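The values are calculated or read from the model by the stated rules, or taken from the named source; none is laboratory data. Note that this is a predicted model, so its numbers are computed, not measured. Quick reminder, even Gly has a Cβ in these numbers, built from the backbone with ideal geometry, and neighbours come from all protein chains shown.
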Amino acid sequence: MPEASVQKKKIVFSGIQPTGDFTLGNYIGAVRNWGRMQEEYDCVYCIVDLHALTVRQEPKAFRERILSSYALTMACGIDPEKSILFIQSQNPHHAQCAWVLDCYTQFGELSRMTQFKDKSAQHADNVNAGLFTYPSLMAADILLYQAHAVPVGDDQKQHVELTRDIATRFNGVYGQTFVIPESIIPKSNEGARIMSLQDPLKKMSKSDPNPKAGISILDPPDAILKKFRSAVTDSEARVAYGPGKEGVSNLMVIYGIFTGKTMAEIEAEFAGKGYGDFKTAVGQSVADALSPIQDTYHRLMADRGYLEQCYREGARRAMAISGKTMDKVHKKLGLIL
Ligand code: ATP
Ligand code: LTN
């Protein structure tokens, strides 16, 4: 057998919070790419419910949200037989490893995280310790699986950088323990950061209180078209990509993703036409792309037994890998196994 074919595949890890129905930003920046990596890599994907606890959740709705996020991830193309797809809290190694990593993460490092600064401003009444140490739990997620690559949107780059720093620090003290991971982020014209439809300088986010700001991947076609028609652009009536035209550029990126067209091709297609035609075309391309995902999602949600079978098996497979790392970490630290 040729050498290359016996070589092990590299490992990918990524996670998403069950804080709401996924947005078009989550899909384009992250989950869509997860599906596309399943052949080339051994992939481990996770619904990070413990991370979502940094914001107060209503238990009944939260339980349902965790399940629906699991089903949505599958509907976006993650095959639970090809990849490991599990729920973070069902594997106790994550919280266990996070504690250890907390002790190798500096206060100053955590204070510099922009997500911490943003979220503490958004939830000024609940700036809890979990919000602060969120990045070391994320580092645990990644490092437990010895992941080489972490496909995320642009906003998570800083957290992956910190993960690398923590792992390098730990390896420096105890010898080779963790693989140092790299983030995989789409190019800016391929959806690294999809912007809010109402404020093109702000990222589209699941927890944005303005429903017109984001497209949920479960939005029906008429709602999608309506939101795109009311998307904030500029007064120039010129479909062009570049600085100063953030609103239009954002719509062009989205259209490019779903039609395979380049920015130049899109500019040519809409040359001399107003924004009305353009916005309708973008909305239609999104509605068409999301329709099969929505069908699969509703089918999965109607079969709770199958979902449960998938997430239990996912947790079992995840634990078999993370347990080995946990043992290694404890041994290196001098803890008694
Ligand atoms: P929340 O609003 O609750 O903070 P979120 O929408 O920011 O949630 P996360 O669960 O934090 O979503 O992120 C899941 C993945 O989606 C991450 O890889 C993140 O980088 C990516 N992502 C989130 N928003 C966008 C966006 N607007 N454009 C591109 N990628 C995004
Ligand atoms: N912090 C991420 C979610 C997340 C994650 C991870 C992403 C938690 N653990 C591990 C990649 C790898 C976010 O999107 N806010």
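Whether a residue is within 11 Å of ligand 2 (Cβ to nearest atom) and not in a loop (DSSP other than H, G, I, E, B) was assessed, and Tyr45 passes this test.
Results for (1) part of a helix (DSSP H, G or I); (2) under 25 Å from Ile321 (Cα atoms); (3) of a type outside the set (A, V, I, L, M, F, W, C); (4) out of contact with any Gly (no Cβ under 6 Å at 6 or more places or on another chain), shown as yes or no for each residue.
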{"site": "Thr73", "(1), (2), (3), (4)": "yes, yes, yes, yes"}
{"site": "Lys82", "(1), (2), (3), (4)": "no, yes, yes, yes"}
{"site": "Trp99", "(1), (2), (3), (4)": "yes, yes, no, yes"}
{"site": "Glu109", "(1), (2), (3), (4)": "yes, no, yes, yes"}
{"site": "Gln115", "(1), (2), (3), (4)": "yes, no, yes, yes"}
{"site": "Asp118", "(1), (2), (3), (4)": "yes, no, yes, yes"}
{"site": "Asn126", "(1), (2), (3), (4)": "no, no, yes, yes"}
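Among the residues of the stretch 203-212, the one identified as exposed (fewer than 15 other Cβ atoms within 10 Å of the Cβ) and either within 16 Å of ligand 2 (Cβ to nearest atom) or closer than 24 Å to Met263 by Cα (or both) is Ser207.
Residues are listed down the side, and each one gets a yes or a no for (1) small (Gly, Ala, Ser); (2) at pLDDT 95 or above; (3) within 11 Å of ligand 2 (Cβ to nearest atom):
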site: Tyr134; (1), (2), (3): no, yes, yes
site: Pro151; (1), (2), (3): no, yes, yes
site: Val179; (1), (2), (3): no, yes, no
site: Lys187; (1), (2), (3): no, no, no
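If you go through the stretch 289-324 and keep only what is aliphatic (A, V, I, L, M) and farther than 30 Å from Phe178 by Cα, you end up with Ala289, Leu290, Ile293, Leu300, Met301, Ala302, Leu307. Considering only the stretch 302-316, state which residues are surrounded by fewer than 16 Cβ atoms within 10 Å (Cβ to Cβ) and assigned to a helix (DSSP H, G or I). Passing the criteria: Arg304, Gly305, Tyr306, Glu308, Gln309, Arg312, Glu313, Arg316.
Under the condition of being in a loop (DSSP other than H, G, I, E, B), among the charged types (D, E, K, R) and surrounded by 13 or more Cβ atoms within 10 Å (Cβ to Cβ), the residues counted in the stretch 213-245 number 4.
If you filter the stretch 177-199 down to residues that are of a type in the set (D, E, K, R) and in a loop (DSSP other than H, G, I, E, B), you find that the one that is surrounded by the fewest Cβ atoms within 10 Å (Cβ to Cβ) is Lys187.
For the stretch 107-127, the candidate set comprises residues that are of a type outside the set (A, V, I, L, M) and in contact with a Lys or Arg (Cβ under 9 Å, 6 or more places away or on another chain); within that set, the residue that is nearest to ligand 2 (Cβ to nearest atom) is His123.
For the stretch 44-62, the set of residues classified as under 17 Å from Asp21 (Cβ atoms), out of contact with any Lys or Arg (no Cβ under 9 Å at 6 or more places or on another chain) and aliphatic (A, V, I, L, M) consists of Ile47, Val48, Ala61, listed by residue number.
Among the residues of the stretch 301-334, those identified as in contact with a Phe, Trp or Tyr (Cβ under 7 Å, 6 or more places away or on another chain) and hydrophobic (A, V, I, L, M, F, W, C) are Leu307, Ala315, Ala318, Ile321. Of the residues making up the stretch 193-206, those that are hydrophobic (A, V, I, L, M, F, W, C) and near ligand 1 (Cβ under 6 Å from one of its atoms) are Ile194, Met204.
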